[in-house]
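First the structure, in the form of structure tokens, and then the observations on it.
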Amino acid sequence: MGLVIFVFATVLMLAEGFQQTLITSGSSENAVFIRRSAETEVQSLIERKDAAILESFPQVAVDHDLGLLAARELVVLITLAKKETGSRSNIQVRGATHGVSLALRPQIKIVAGREFNAGSTEILIGRNIAKKFKIAGLGGTINFGGHTWTVSGIMDAGGTAFDSEIWGDVDSLMGAFKRTVYSSVLIRMRDPSTLPELKETVLKDPRLVEEARREDKYYEAQSELMARFIRILGISLTLIFSLGAITGSMITMYAAVSARTSEIGTLRALGFRRLFILLAFMAEAVFLSLLGAVTGLAAASCMNRITISTMNWTTFSELTFRFLLSRRIVADSVIFAIVMGIVGGALPSVRAARMNIVSALRSR
């Protein structure tokens with residue numbers, strides 16, 4: 001039962017880690033504009049005139065040093081070889097607005113080097129990119145888009161999706177990939193509560209074909225498909241494994257009933273009702289299942305520090321994330337263990353409760 005709970009919790013931790021990596025990438029204070037027909041930035045196209053209109057809305061916050069807190073961004077995919085296997089995976093490259101894109105995402109810290117210069121062929125790489133892919137470190141170069149790019153810095157995004165991205169100057173990347181349109185426009189709102197009004201304004205403007213989304217909700221939507229698949233697959237396998245745990249629980253409880261036949265007869269002779277006998281054995285089955293839950297969760301908690309990589313089916317790019325154990329997963333695991341204990345202990349408990357007093361006493 002401990003092994004089943006370990007598998008159950010680990011699967012949920014995998015889905016939770018994937019989802020939280022994306023959700024925490026966004027901020028409730030930011031709004032992202034993408035084309036209405038697009039689901040992600042990779043699919044979106046925003047013309048320069050549209051970007052200028054979006055930046056002019058009164059809901060856009062203003063910083064004393066940076067001016068308008070609005071960033072025009074481009075997202076493209078490239079392939080890089082992994083260090084361990086040499087296999088190639090899609091990596092998301094983000095064309096960012098110098099200064100503003102980082103200001104809009106305060107969770108990102110440059111841990112080595114500096115930010116890329118505007119208009120240059122310099123790039124920032126996420127810490128997961130630096131660890132897992134064959135890419136030169138600080139000061140090294142990498143070739144893509146027909147240009148040679150110099151690594152000016154390494155960024156730590158606090159375990160968010162940006163740790164698995166490469167950032168460069170948006171105009172330089174647009175020139176390299178021969179793009180004339182942006183993928184998205186990101187703004188900091190003066191007041192996050194004005195988002196519905198902003199959505200309505202964008203929707204009613206005949207010049208625009210974009211829509212506004214709260215940034216954290218945008219990333220949450222990206223995580224749903226993959227997280228749902230992991231949960232469905234994992235829980236389906238766990239339910240199959242649970243049949244073995246329930247069978248083991250049932251055998252254990254039948255053995256307990258058989259070994260305590262005389263004690264059951266004595267209790268019945270002393271006046272204990274059948275219900276009390278039933279509840280006593282059910283409580284024992286549940287207690288044993290809870291021990292299994294504690295054992296399984298203790299083992300699953302050791303997975304918290306492990307990180308893995310997979311393809312995000314929504315963006316088709318590599319994403320690195322870690323297992324994440326939450327209170328909800330602990331509660332779900334305990335409930336699942338209790339259910340297995342009840343199902344496995346039900347028949348043996350009924351047998352104990354229905355045992356004939358005389359027959360039980362003769363078994364001494």
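Numbers for the structure displayed
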read-out: Scope the stretch 169-184; condition in a loop (DSSP other than H, G, I, E, B) and crowded, with 22+ Cβ neighbours inside 10 Å; matching residues; value: 183
read-out: The listed residue being at pLDDT 90 or above, farther than 30 Å from residue 94 by Cα and either within 31 Å of the chain's Cα centre (by Cα) or assigned by TED's automatic domain parsing to the domain that holds residue 42 (or both), out of 326, 349; value: 326
read-out: Strands (runs of 3 or more DSSP E) within the stretch 75-160 that include 3 or more residues closer than 19 Å to residue 308 by Cβ and at pLDDT below 95; value: 88-96
read-out: Check on residue 343, in contact (Cβ under 8 Å) with a residue 40 or more places away in the chain, assigned by TED's automatic domain parsing to the domain that holds residue 254, under 30 Å from residue 258 (Cα atoms) and surrounded by 13 or more Cβ atoms within 10 Å (Cβ to Cβ); value: yes
read-out: Flag for residue 327 being surrounded by fewer than 20 Cβ atoms within 10 Å (Cβ to Cβ), basic (Lys, Arg) and in contact with a Phe, Trp or Tyr (Cβ under 9 Å, 6 or more places away or on another chain); value: no
read-out: The stretch 181-203, residues that are under 15 Å from residue 58 (Cβ atoms) and not β-branched (Val, Ile, Thr); value: 188, 189, 190, 191, 192, 193, 195, 196, 197, 198, 199, 200
read-out: Set 213, 207, 231: member being part of a strand (DSSP E or B) and touching a residue at least 60 places away in the same chain (Cβ under 8 Å); value: 213
read-out: Among the residues listed as 87, 28, 56, the single one being touching a Pro at 6+ places or on another chain (Cβ under 9 Å), surrounded by fewer than 20 Cβ atoms within 10 Å (Cβ to Cβ) and at negative phi; value: 28
read-out: Failed item in (1) under 31 Å from the mean Cα position of the chain (by Cα); (2) of a type outside the set (Lys, Arg); (3) surrounded by fewer than 21 Cβ atoms within 10 Å (Cβ to Cβ), with residue 255 passing the rest; value: (1)
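The values are calculated or read from the model by the stated rules, or taken from the named source; none is laboratory data. All values reported here derive from a predicted model rather than from experimental measurement. Don't worry about glycine lacking a Cβ; one is built from the backbone with ideal geometry, like all the others, and counts go over all protein chains shown.
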